[in-house]
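I have placed the structure first, in the form of structure tokens, so that the comments after it can refer back to it.
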Amino acid sequence: MINRMKSDLIAIQIRFNETQDSYKNKAQVFQEEADKNRQAKQQRLQAQHRLEELMRLIDQDHFQRKNRLASVLKSLDNKKAALERRIKRNARQQQIRDQAANDNKDSNELKMNENFLAQKFWSAFLKSKMDKEMTRTAEIEQAFQMIRAQTGFSDVQ
């Protein structure tokens, strides 16, 4: 019985050692698998963080592009408005120049008409004065002609 108990004790110790070795092996495998699982989880989390950071950067880039595009469109609108204002200003200036030229032409025409009327009146005045002088001196001229005809001299000194 003691021998049997000793042999059972040895068998139990051997089974215990085998179980302990198996436990250690399984604990080691479990630890390795847990490490692999933890690393895979870390890699997934890092990938997720990198993806979130990349998405944030993409959104930021889209926002900046949208702002630049809005700025360029605003600048383009401002340039178009400035061009339209310049074209309108040039058209107004040309209209003013044309109007001034027409006014100047009309002014010159008016001055010429005034000068023409003044010259016409002056001519009429001088003609009437000459007619009066001619009628006043007609008697003297007639007498002179008669004297010249009777004396025969054409050059009087």
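Points worth noting:
- Test: residue in the range 133-153 that is surrounded by 10 or more Cβ atoms within 10 Å (Cβ to Cβ) and assigned to a loop (DSSP other than H, G, I, E, B): yes
- A single entry from ALA34, ALA47, ALA11 fulfils the requirement of being within 60 Å of the chain's Cα centre (by Cα), assigned to a helix (DSSP H, G or I) and not polar (S, T, N, Q): ALA47.
Read-outs throughout are calculated quantities, based only on the coordinates presented, and are distinct from any laboratory measurement. As the structure is a computational prediction, the values presented were derived from the model and not from experiment. Neighbour counts are summed over all protein chains in view; Cβ atoms, including those assigned to glycine, are modelled from backbone coordinates with ideal geometry.
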